Amino acid sequence: MRLLVIGYVWPEPNSSAAGSRMMQLLNCFYKNQWQISFASPAQQTDHMADLSTLGIQTEHIELNNTSFDHYITDKKPDIVIFDRFMMEEQFGWRIEKFSPDSLRVLNTEDLHSLRQARHLALKQNRVFQTEDLYNDHGIREMAAIHRCDLTLMISEMETKLLIEKFQVPETHVYHLPFMLPAPTKINALTPFEERQHFISIGNFRHAPNWDAVLQLKTDIWPKIRKRLPKAELHIYGAYPPPKATQLHNAKEGFLVKGWAEDAQEVMQNARICLAPLRFGAGIKGKLVEAMQMGTPSITTQIGAEAMHGLLPWNGVITDNIETFIDAAVSLYEDKTNWLLMQKNGHEILQSRYQAQEWEPKLINRLQLQTKLKESLRKKHFLGLMLRHHSLKSTQYMSQWIELKNKLEKE
């Protein structure tokens, strides 16, 4: 298989769950000896993965430029994966025109419009409703999903939402959680007695993470610290802005550490992970990493959403701040309960996130989808309608920008 991934950004597995997810996908395709190319209009970064170790060809591509038309015509990939719906908007119509036989797959990471709608509801101090998705952002994302041959969804809840509320055919959506190696045996992890302090971790550029840090600073940590005066809260995350580093206060035990060279190491040294997420979508990389490192977590309903099925959580789930604080203090000091929560996390990893189970399923689904793409395209009327020339505003806008740029240079 010849595969092209069009990345919104270059993957940074140590900076975000999205980066880790992308590397899981690329590793899966590499193991199956697919010929992989990764192209992105984004600037390269210091923290990006070295894709050459997987034999992946990399290419910088330009937005609103016919150079991509020549690029895709020469490459003619069997499968194109758009990393997030914005890349489908920019390049989907060009691929349909210049490489129509390519299977078009959307990798959502999480449902962006759901995260944004929940954020808006929080700002307005009201309960989120499905109708909150009926806005410009939601319409754009749903249109991209319908235009694609297959959409990869990391969350079971969001998969169900697409099928039941937005009429995405089951043949065009596939639930694919994190694909992880077998979990480390519990007795090989750092024991309870050798751990200390609390940890919160997450890319500062991700709005739910920054909101969680503010919650910890103002409403949660002062009360935990009052009951555990020797404990510290270590805040880690890529790209901390000045407004975050200014929250650092050693006297309060609130330590903003910023970028973690080894996120797993700092997670395994902590006794409890705190994730008071008030909005968001998808499944949370920080909480999976906590399970991998045997670190129980205290989080919210949004934080744990779609992550553990019917299995008990590896800690406590609550949206009540006082209960959150009580749970953090109690679990920090209760070794017996702490060990039980650690075991819960291990069982969640074993039953839900094993790469050896999900990788063959993904490959089989993509191969089947490629084989059936023409018949499935004909059956999906909404997809046909949204690819009709009269509804291709993204194409015409791109062509207008391209022409404008050309005239300005002249």
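Descriptive notes on the structure:
- Rg and Dmax of segment 175-258, Cα atoms only, in Å: 15.4, 46
- For E402, the shell of other residues with beta-carbons less than 12 Å away shows a net charge of +1, using +1 for Lys and Arg and -1 for Asp and Glu.
- The mean sequence separation of alpha-carbon pairs under 8 Å and at least six residues apart, normalised by the residue count of segment 232-315, gives a relative contact order of 24 percent.
- Qualifying GluC sites (Glu not before Pro) in segment 1-92, where qualification requires a DSSP coil assignment and no more than 15 other C-beta atoms within 10 Å, comprise E62.
- Top of A39, A18, A144 by mean-square fluctuation, Gaussian network on the chain, Cα under 10 Å: A39
- Against the chain, whose longest principal axis is taken from its Cα atoms, helix 355-379 shows a tilt of about 30°.
- Restriction of the trypsin sites (Lys or Arg not before Pro) in segment 47-141 to DSSP coil positions whose beta-carbon has at most 12 other beta-carbons within 10 angstrom yields R126.
- In degrees, nearest ten, helix 112-123 long axis to first principal axis of the chain (Cα): 50 degrees
- Portion, in percent, of the accessible area of segment 1-140 that falls on carbon or sulfur, probe 1.4 Å: 45 percent
- Normalised by 2.2 N^0.38 Å, where N is the number of residues, the C-alpha radius of gyration of the chain stands at 1.03.
- Per-residue HN-Hα couplings for segment 268-283 [Karplus 6.51, -1.76, 1.60; θ = phi - 60°; Hz; x = Gly/Pro]: 6, 7, 7, 8, 9, 9, 10, 9, x, 7, 9, 8, x, 7, x, 10
- Over the chain, relative contact order from alpha-carbon pairs under 8 Å, at least 6 apart, %: 15 percent
- The HN-Hα couplings worked out from phi for segment 135-142 by the Karplus form 6.51 cos²θ - 1.76 cosθ + 1.60 (θ = phi - 60°) are 10, 4, 5, x, 4, 4, 5, 5 Hz, whole numbers, x standing for Gly and Pro.
- Rounded if a/c under 1.5, otherwise prolate or oblate - segment 316-393, Cα gyration tensor axes: oblate
- Carbon and sulfur %, accessible surface of segment 308-366 computed with the full protein complex present, 1.4 Å: 53 percent
- Straight Cα distances below 19 angstrom link K251 to the aspartates and glutamates D219, E232, with same-chain residues fewer than 8 positions distant left out.
- Theoretical gain in end-to-end length, K123 to Q367 [0.36 nm per residue, Cα-Cα removed]: 83.5 nm
- For the chain: accessible area per residue (Å², 1.4 Å): 46 Å²
- Computed 3J(HN,Hα) for segment 17-29, one whole-Hz value per residue from the Karplus formula 6.51 cos²θ - 1.76 cosθ + 1.60 where θ = phi - 60°, is 5, 4, x, 5, 4, 4, 5, 4, 5, 5, 5, 4, 5, glycine and proline marked x.
- Low-density loop cleavage sites - trypsin sites (Lys or Arg not before Pro) in segment 156-227, where at most 13 other Cβ are within 10 Å (DSSP): K185
- Using the average count of surrounding beta-carbon atoms within 10 Å as a protection proxy, the listed peptides 46-56, 322-332, 252-262, 146-156 rank, highest first, as 146-156, 322-332, 252-262, 46-56.
- Helix 156-165 vs. the chain, principal-axis angle (Cα, 0 to 90°, nearest 10): 50 degrees
The values are calculated or read from the model by the stated rules, or taken from the named source; none is laboratory data. Just so it is clear, the model here is predicted, and its values are computed rather than measured. Glycine also receives a Cβ, built like all others from the backbone with ideal geometry; neighbour counts cover every protein chain displayed. Note: areas computed on protein heavy atoms with side chains; ligands, DNA, RNA excluded. Shrake-Rupley method; radii C 1.70, N 1.55, O 1.52, S 1.80 Å.
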